[in-house]
Amino acid sequence: MATSVGNRNGVHKAPNLRTSSSFKSKLPPPNVRRSSPASLAGADSVSGRVRVAVRLRPQNAEELVADADFADCVELQPELKRLKLRKNNWDSDTYEFDEVLTEFASQKRVYEVVAKPVVESVLEGYNGTVMAYGQTGTGKTYTLGRLGDEDTSARGIMVRSMEDILANLSPETDSISVSYLQLYMETIQDLLNPANDNISIVEDQRTGDVSLPGATVWEIRDQQSFLELLRLGEAHRFAANTKLNTESSRSHALLMVQVKRSVLGGDDDFSLETQNRSMVGNLRPPMLRKGKLIVVDLAGSERIHKSGSEGHMLEEAKSINLSLSALGKCINALAENSSHVPVRDSKLTRLLKDSFGGTSRTSLIVTIGPSPRHRAETSSTILFGQRAMKVENMLKIKEEFDYKSLSKRLEMEIDKLIAENERQQKVYENEIERIRLEAQKHVAEAERNYVEALEEEKTKCQMDYMESIKKLEEKWTVNQQKHAIVGEIHMGAGGEDVAELEKLLQNETCLRKAAEEEIHNLKDQLLKLSKAELLGGNADGFSLHEVLEEEIRQKNKLEEEVRVLRSQLEQLSMEGNQTRSYPDRANSGNPLLGLDCLTPLNNLRSRNDTNGEKTSITNLHEQVGLQKILSLLESEDANVRIHAVKVVANLAAEEANQEKIVEAGGLTSLLMLLRRYEDETIRRIAAGAIANLAMNEANQELIMAQGGISLLAMTSTDAEDPQTLRMVAGAIANLCGNDKLQMRLRSEGGIKALLGMVRCRHPDVLSQVARGIANFAKCESRASTQGTRGGRSLLIEDGALPWIVQNANNEASLIRRHVELALCHLAQHEVNAKDMISGGALWELVRISRDCSREDIRTLARRTLTSSSTFQAEMRRLRIEV
Ligand code: ADP
Ligand code: MG
């Protein structure tokens, strides 16, 4: 709305001037927001009226001449922001603008007044528009587009805006992209790519935003690249207009600058460095502000009025008219708050939808010339500007969460952490390796030390022990001789011997205790050390452990021997007592009785060389009575039990006693000992006794009937001492020779028990095992021949063949003979042949048939081989001849 003021005769008073105070008071302070910038985009908005400045071009050369005799049609009052448009010599209209820029206004000032506030808003995330409107030749392009190549002070708004934008952005996080377009006859052409001459406008249905996806977009990094872009655009504009036979004043030029800035929660000085510093733990995405600046250099406004040419010119005029008049209509509608704004009438108004009546901060500069000849144009330009001043925009910040940049930032952080983690992992592993090696070293050293100490201790114990034994033996010999010579026991002397022996034993016990304690201590320390350094030296720990266990075994052995010594002592004292009671039988108190029991190998055969012992046992037996001795087997006192079982074992070694023992229930008691006692000594002696009893066929059945096989098998599993195993194996071997017991023996685990005992490689044990197997094979063979049994050998069934084959050529002749015999027995039955061939027994048989030193066995083997068709066939195949 124009505010016309009566102004006569140069009196520059304006009594009727309506100073537009109404809209002035409505002006919001620039850049004041209603809510915090951290709030979501679009949530805050401020009213922002379109600001309008008027700029007067200085008189050009032509005007200086042509208008020399006429006064200018305008008079400016910049301090009052007023413009007077002369109607005639005595009358003028006064208009008020936001800024009035005289012909002397510098380009810098024009930029600061018109464009700078808009550029600042764009940097804060608002859209902004700077538009020049005016008659051709009044300085629109001068104001907006001058590059200032020759005179830098002549730089126009476009160049200065970009300078300001670049100065305020950080290249790491922000970006600027530019499109440059021309609108001519309702066609949008790309000034950065002339081939792109019909770009369409796309409208976002949801937000209403318009965009030109077909337009070239240039990323701007520096001012130089922007200037190049402007030059290129200008050149293309000139070429395009030449081709279209028009001039630039007839087209609208639009420069679109998209500014994207990354800010963290409204922190405007947010830089990459601050981001890096706050990386860890900060998962708040930065805000992305997207301000768009549009600089519009409109076609000359005179075309609206000066249409009417023919042909192309007419069309052109219409089109230019169309866009410019549509813009005028929209601005009128907005100024009058009309309910309908015809934005869609032209492409220009669609492109500038946000600039007028939208969310953009908009500055309009209207350019006028001073010539009175163009008074009408000037007047219409001023009126356009006045109407535009009434357009209110609602500024809205274009802000959104920048998840892309957050994800990029987090990715960077993750990569950094991964690298760091890898580094630390390596350091950690190295440290672990170092500690492990060190621990290993320590363990090895400690182990060495302990092994040495243990070794030393062991040697010492052994020496002491040997010493004691020697002394005991000497004592005993002396004692024995005394008995022999004197023929009768002197009470006091016997007592002395016993006392001395007791003393020796006590010494021995003390020594043993000390050794035990030492071992215990060492064990404790070792355990602690092993625990502490478990990580490192496992393997070493094991070997140490083995040494320790060996040591414990040694200790147990020592203990056992001490126990034996103790029982010897008892025996001796008992004998002493007896001798004292029966001085005429002094010789019978043979203390070897007990010692002999420790080597019960002899028990398996009759002993003729121990007359003294036999006599002693017989005496004991006669004096105490068998029943009484057997009852002692169940005595509470372990020593008595040991003693009793030894006596029974010795008695059982004599065939004459065997029946009596069994009749008196001795066998049952002995089996009971196997069942009940953990003590291996008792079990060993009991097993020896049972082995002796098992020589008798009648007893064999009794042993079986009382579950003897399972008891013996159980004992064989638990026992560690080769002598125990030998007793058990001997007992089972005896049972193996009984034809009637074959099936039961096998079903109760007899064969398996025998095979289990070969784990102990002691030749005595192996020899008993071999004897058992040979016995069993012989019985089987006999049964097969008699036709009482068929099928594969139970020995083969129970897996004895591999051991048999392995030991067929054992270097111990006793073992070898038994095994050879077993092989011959097995081979006599065709049903075993296949297994024997696949188990490698054929080769052994062939060897026996050739090399066995005993002729009977050699012959047996040969006969067996020749009588078996299966062996024959195989031998033919292998080209073996016997
Ligand atoms: P438009 O783009 O409006 O058609 P131009 O910017 O091309 O007008 O200006 C026409 C002529 O006037 C050019 O020669 C230009 O240099 C000159 N001119 C315009 N404005 C000024 C000014 N403020 N000071 C000096 N010369 C000017
Ligand atoms: Mg121009």
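The values are calculated or read from the model by the stated rules, or taken from the named source; none is laboratory data. Everything numeric here is computed off the predicted structure, so don't read it as measured data. So basically every Cβ, Gly included, is an ideal-geometry build from the backbone, and we count neighbours across all protein chains shown. Accessible surface is based on the protein model in full, side chains and every heavy atom, while ligands, DNA and RNA are left aside. Shrake-Rupley method; radii C 1.70, N 1.55, O 1.52, S 1.80 Å.
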**Message:** Restricting to the range 364-398, and then to whatever is open to solvent by 10 Å² or more (accessible area, probe 1.4 Å) and in a strand (DSSP E or B), can you tell me which residue is nearest to ligand 2 (Cβ to nearest atom)?
**Reply:** 392
**Prompt:** Quick check, is residue 273 at pLDDT 75 or above and either open to solvent by 30 Å² or more (accessible area, probe 1.4 Å) or of a type in the set (S, T, N, Q) (or both)?
**Reply:** no
**Message:** Could you check the range 80-105 and list, in sequence order, the residues that are of a type outside the set (Val, Ile, Thr) and more than 16 Å from residue 55 (Cβ to Cβ)?
**Reply:** 80, 86, 87, 88, 89, 90, 91, 92, 93
**Request:** Kindly list the number of the only condition in (1) in contact with a helix residue (DSSP H, G or I) (Cβ under 6 Å, 6 or more places away or on another chain); (2) of a type in the set (A, V, I, L, M, F, W, C); (3) crowded, with 21+ Cβ neighbours inside 10 Å that fails for residue 794.
**Result:** (3)
**Prompt:** Hey, any hits in the range 102-111 for a residue that's within 16 Å of ligand 2 (Cβ to nearest atom), out of contact with any strand residue (DSSP E or B) (no Cβ under 7 Å at 6 or more places or on another chain) and outside any strand (DSSP E or B)?
**Reply:** yes
**Message:** Step by step: first the residues of the range 77-98, then only those that are within 19 Å of residue 390 (Cα to Cα) and of a type in the set (Phe, Trp, Tyr), then the one that is farthest from the chain's Cα centre (by Cα). Which residue is that?
**Reply:** 95
**Request:** Report, ordered by the first and then the second residue, all pairs with beta carbons closer than 7 Å, sequence separation of six or more or different chains, a first member in the range 451-471 that is closer than 17 Å to residue 523 by Cα, and a second member that is exposed (fewer than 13 other Cβ atoms within 10 Å of the Cβ).
**Result:** none
**Asked** Which of the residues that make up the range 163-187 are within 53 Å of the chain's Cα centre (by Cα), open to solvent by less than 20 Å² (accessible area, probe 1.4 Å) and among the aliphatic types (A, V, I, L, M)?
**Response** 165, 176, 178
**Request:** Only residues that are within 9 Å of ligand 2 (Cβ to nearest atom), open to solvent by 50 Å² or more (accessible area, probe 1.4 Å) and either at pLDDT below 95 or not aromatic (Phe, Trp, Tyr) (or both): list them for the range 138-147, please.
**Result:** 141
**Asked** Do any residues in the range 99-114 that are farther than 19 Å from residue 389 by Cα and open to solvent by 20 Å² or more (accessible area, probe 1.4 Å) have Cβ atoms under 7 Å from those of residues that are assigned to a helix (DSSP H, G or I) and of a type in the set (S, T, N, Q), where the two are at least six apart or on different chains, and which pairs are they?
**Response** 106/153; 108/153
**Complete:** Scanning the range 241-268 for residues that are assigned to a loop (DSSP other than H, G, I, E, B) and either within 16 Å of ligand 2 (Cβ to nearest atom) or over 25 Å from residue 129 (Cα atoms) (or both), the one modelled with the highest pLDDT turns out to be 251
**Request:** Report the residue count in the range 241-256 for those that are in contact with a Ser or Thr (Cβ under 7 Å, 6 or more places away or on another chain) and more than 11 Å from ligand 1 (Cβ to nearest atom).
**Result:** 3
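Quick test for you: out of 197, 209, 190, pick the one residue that is at pLDDT 95 or above, among the charged types (D, E, K, R) and surrounded by 13 or more Cβ atoms within 10 Å (Cβ to Cβ).
Details: 197 fails: at pLDDT 95 or above; 209 fails: at pLDDT 95 or above.
On inspection, the qualifying residue turns out to be 190.
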**Request:** Answer yes or no as to whether residue 761 is without any contact (Cβ under 8 Å) to a residue 60 or more places away in the chain, outside any helix (DSSP H, G or I) and of a type in the set (D, E, K, R).
**Result:** yes
**Fill in**
Checked against (1) more than 60 Å from the chain's Cα centre (by Cα); (2) surrounded by fewer than 18 Cβ atoms within 10 Å (Cβ to Cβ); (3) among the aromatic types (Phe, Trp, Tyr), residue 871 satisfies every condition except (2)
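Can you say whether residue 133 is within 16 Å of ligand 2 (Cβ to nearest atom), open to solvent by 40 Å² or more (accessible area, probe 1.4 Å) and not aliphatic (A, V, I, L, M), as far as the supplied structure shows? It would help to see each step written out before you state the result.
On the way: within 16 Å of ligand 2 (Cβ to nearest atom): yes; open to solvent by 40 Å² or more (accessible area, probe 1.4 Å): no; not aliphatic (A, V, I, L, M): yes.
For residue 133, the condition - within 16 Å of ligand 2 (Cβ to nearest atom), open to solvent by 40 Å² or more (accessible area, probe 1.4 Å) and not aliphatic (A, V, I, L, M) - is not met.
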**Message:** Please count how many residues of the range 156-179 are away from ligand 2 (no atom under 16 Å from the Cβ) and either among the small types (Gly, Ala, Ser) or part of a loop (DSSP other than H, G, I, E, B) (or both).
**Reply:** 11
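Only one of these is assigned to a helix (DSSP H, G or I), surrounded by 11 or more Cβ atoms within 10 Å (Cβ to Cβ) and touching a helix residue (DSSP H, G or I) at 6+ places or on another chain (Cβ under 8 Å): 440, 462. Name it. It would help to see each step written out before you state the result.
Working: 462 fails: touching a helix residue (DSSP H, G or I) at 6+ places or on another chain (Cβ under 8 Å).
From the options 440, 462, the qualifying one is 440.
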**Message:** I'm checking my understanding of the structure. Among residues of the range 797-828 that are open to solvent by less than 50 Å² (accessible area, probe 1.4 Å) and assigned to a loop (DSSP other than H, G, I, E, B), which one is nearest to residue 856 (Cα to Cα)?
**Reply:** 808
**Fill in**
Within the range 119-164, of all residues that are free of Cβ contacts under 8 Å to residues at least 60 places away in the same chain and either touching a Gly at 6+ places or on another chain (Cβ under 9 Å) or of a type in the set (Lys, Arg) (or both), the one farthest from ligand 1 (Cβ to nearest atom) is 160
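Of everything in the range 841-868, what is open to solvent by less than 50 Å² (accessible area, probe 1.4 Å) and closer than 20 Å to residue 813 by Cβ? Give them in sequence order.
Step one: list which residues in the range 841-868 are open to solvent by less than 50 Å² (accessible area, probe 1.4 Å), which gives 841-842, 844-849, 852, 857, 860-861, 864-865, 868.
Result: 841, 844, 845, 846, 847, 848, 849, 852, 857, 860, 861.
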